[in-house]
1. Note down, for the stretch A:86-194, the three equivalent ellipsoid semi-axes (square root of 5 times each alpha carbon gyration tensor eigenvalue), biggest first, whole angstrom.
2. Give the share of C-alpha pairs in each 10 angstrom bin for the protein assembly as shown, from 0 to the last occupied bin, in whole percents, shortest bins first.
3. Relative to the longest principal axis of chain B, what angle (0 to 90°, nearest 10) does the C-alpha long axis of helix B:86-102 take?
4. Between copies, how far does the label point of residue B:49 sit from its twins, in nm, shortest first, when each point is 7 Å from Cα along Cα→Cβ?
5. Give me the inter-chain shielding for A:109-121: mean count of other chain Cβ atoms within 10 Å, whole number please.
6. What gaps in nm, shortest first, separate residue A:148 from its twins in the other copies when you place the label 7 Å past Cα toward the beta carbon?
7. Using 5 Å bins from zero, what percent of all Cα-Cα pairs in chain B falls into each bin?
8. Among A:163, B:154, rank each residue by its count of other Cβ atoms within 10 Å, from fewest to most, as a rough exposure measure.
C-alpha cells in the first residue's frame, strides 16, 4: 500500500495507461470474486480509485469493461498445440477448453459474460474482439495447416468445424442438460473427425478403394 | 373486455387454472414485446390483474415464469420429420431451427432467456424442463431409429451428435462471429454426418471395400 489517500488531481495525476490498468485490474477482481453483475461503473470506480466519468469515457458499457478485464487478466492457456497430428492436437485442445469451462473460477465467469452479452451489444462486441474472434482465427489457421497436410476434406467448411467443436462445449456449459467432461471432449473430437454415418462398403458416397 | 374492474376476492374469485393461464399469457406478451428483462413480477402482475403474492407462490423467479410463458405460448414448430432418410430429415430440422433462431420475434427471446439463465438457476431449470430437455429426447429418439436402420455408427455417442448440431447453431446465435443461415444448417449436417477427415483409400481406419 502507498500512503496516497485518494487520487490526486492536477500535478501528480497518474498517467492514463496506469489508470486504465488499475481499472481493468479492479474490474477483473470484482468479476472473479462476485460475477459479472458486480461489475458496475460505480463499484469499479470505487475499487480502482478512479472517476466514473473516466470509465464512461473509455468503455461503452460496464459489460464491455468486464469482458476486456477478464481477457486481459486471465491466463491465456488456450494455445493450440501443433504436433502435426490433428486428432491428438484437437483432443488436447478440447480437453483444456473443457477444463477451463468447468473450473470454479472461470466457468461461471465465461457463462456470465456470454449471458449478459445477449442484452449488452457492447459486451458482445468486446467478447468477440478480445476472445472468440482471435480464438476462431487460431483454430482456423490450425485447420488450414491440417488440410494442407491432407488430413481434412477439401470441400469441408472449416469455419463450421469450429462451431461443431467449441459450440458443442458451450452448449453443455450454457444449457446444462448433459455433463461437460473431458471424456465428452475426447468423444466429440472423434465424432467430428470420423462423422456419424455408419461406414458401409459399396455405398455410393463412399470413396472407391482403388 | 369484461366489466370486472379488478380481481375479486371470496365469491367470484377466478379458478386457479384460469389465473395461471392469464399470468402466462401476460408474461408471454411482455417477453415478445420488450424482451426478457421486461418480465418482472411487478409488471406481469399488473398486466394480468393478479396479485404478486400469487406469482411468487407459483414461480421461483421471474425468469422461470418467462421461460414457461414462452414455451407454453410459442408455436411448437420443431417436430422432427421422420421419412426414413436421416440426412434429409436432419437438414429439414436444422433449417427450421435456424429460421426460428433468426426470426425477429423469436431469436432475441431465446437468446435472452439463455442469457438470463446464466445467473438465474430457476430459469435455467425451467428452460431444460420446458424446452431443451424434451427437444434433446426427441432428437435422440430419431437418432436411435436411424441407428436401428443402420445409418449411424454403433459406437457413436448419440448425445454428442445433438451438441454438435444444435450446439453449433446456438454458438452462432449467442457468440455471433459468423452468420447463422440456412446454408450453414445444410453444411453443418453434412459435416456432422460425413466427418471432417479426408477419405484416403487404404487408410488403416478406413473400412475395406470388399
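1. Semi-axis lengths for the stretch A:86-194 are 25, 18, 11 Å.
2. Computed distribution, short to long bins: 4, 19, 26, 23, 15, 8, 4, 1, 0.
3. Helix B:86-102 sits at roughly 40 degrees to that axis.
4. Counterpart label points of residue B:49 in the remaining copies fall at 6.0 nm.
5. On the way: counts 0, 1, 6, 3, 1, 6, 10, 4, 6, 14, 8, 1, 1.
Neighbouring Cβ atoms belonging to other protein chains average 5 per residue here.
6. Computed spacing set for this position: 4.9 nm.
7. In order of increasing distance, the bins hold 1, 6, 13, 15, 15, 12, 10, 8, 6, 5, 3, 2, 1, 1, 0, 0, 0 percent.
8. B:154, A:163
Bear in mind that the values in this text are calculations on the coordinates, not laboratory data. In this text the structure is predicted, and so the values were computed from the model without any measurement. Please note: Cβ atoms are built from the backbone with ideal geometry, for glycine as well, and neighbour counts cover all protein chains shown.
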